[in-house]
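This report concerns only the one structure given below.
Any read-out appearing in this document is the output of simple, stated calculations on the displayed coordinates, not a laboratory observation. Because the structure is predicted, anything quoted here is derived from the model rather than measured. Using ideal geometry, Cβ is built from the backbone for each residue, glycine included, and neighbour counts are taken over all protein chains shown.
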Amino acid sequence: MELHNIIGILLVVIVLCYFVYDVYGMRHTFGYLINNDKLMLSEYTKTQLKPIVDMFLNDLCLKYGVPVPKYQYSNLTKNDDVQAVGEYLHQTKMILIDYDEIVKLDGDVGILTNVLCHEFIHYVDHLDLESQGKDFNEVYGNRKDFYETRATDIGGKDNQILLKKYIKNGEL
């Protein structure tokens, strides 16, 4: 095989590896798979998760320049058709996470933190709208799809960045 063919194949392999690493996140990389048992949510108590959740919230608050929101674990079962795993309560500025439902879904810590980051973006949006003198409930209600997509996109990116950082630093 000629040198330029070998270099071409290596470049394709490197690009594919980067794509899997960057697009699919840490779960689909060798490093994450090594720690996968350690990161299964069912292996953690809510008390053991507190420092992890606090670490995420502190970093997110530093990034967005907002105070740390309240959060708690709560059963969010509303009916048989809809099961939420997270919710932001704008009246109390509190993030709710359904730990038990995430465990039932065989979720890992990354899913819990993704939910946390998603709901945190709702909190940031609430504070932003409030600072403009706007009613969060009204604005969110009129543009729910926009705010849900925004929270999913931005929260997912924040979660991926923080997970990579904490895994790389051995904090997870």
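Can you list residues from other chains, or at least 5 along the same chain, whose modelled amide H is less than 5 Å from the amide H of Met94?
Leu89
Calculate the spin-label point distance for Asn142 paired with Ile7, positioning each point 7 Å from the Cα along the beta-carbon direction, and give it in nanometres.
That separation, rounded to one decimal, is 5.8 nm.
For Lys157, give me every one of the lysines with a C-alpha distance below 18 angstrom, ignoring sequence neighbours fewer than eight places off in its own chain.
Lys63, Lys165, Lys168
To the nearest 0.05, what FRET efficiency results for Arg150 and Ser42 with a Förster distance of 25 Å applied to their C-beta separation?
0.25
Taking neighbour counts of Cβ atoms within 10 Å as a proxy for exposure, in what order, fewest first, do Arg143, Arg150 appear?
Details: Arg143 13, Arg150 16.
With the sparsest Cβ surroundings first, the list reads Arg143, Arg150.
With θ set to phi - 60°, apply the Karplus curve 6.51 cos²θ - 1.76 cosθ + 1.60 along segment 44-52 and write out the HN-Hα couplings as whole Hz, x wherever there is a Gly or Pro.
After applying 6.51 cos²θ - 1.76 cosθ + 1.60, I find 10, 7, 4, 5, 5, 7, 3, x, 5 Hz.
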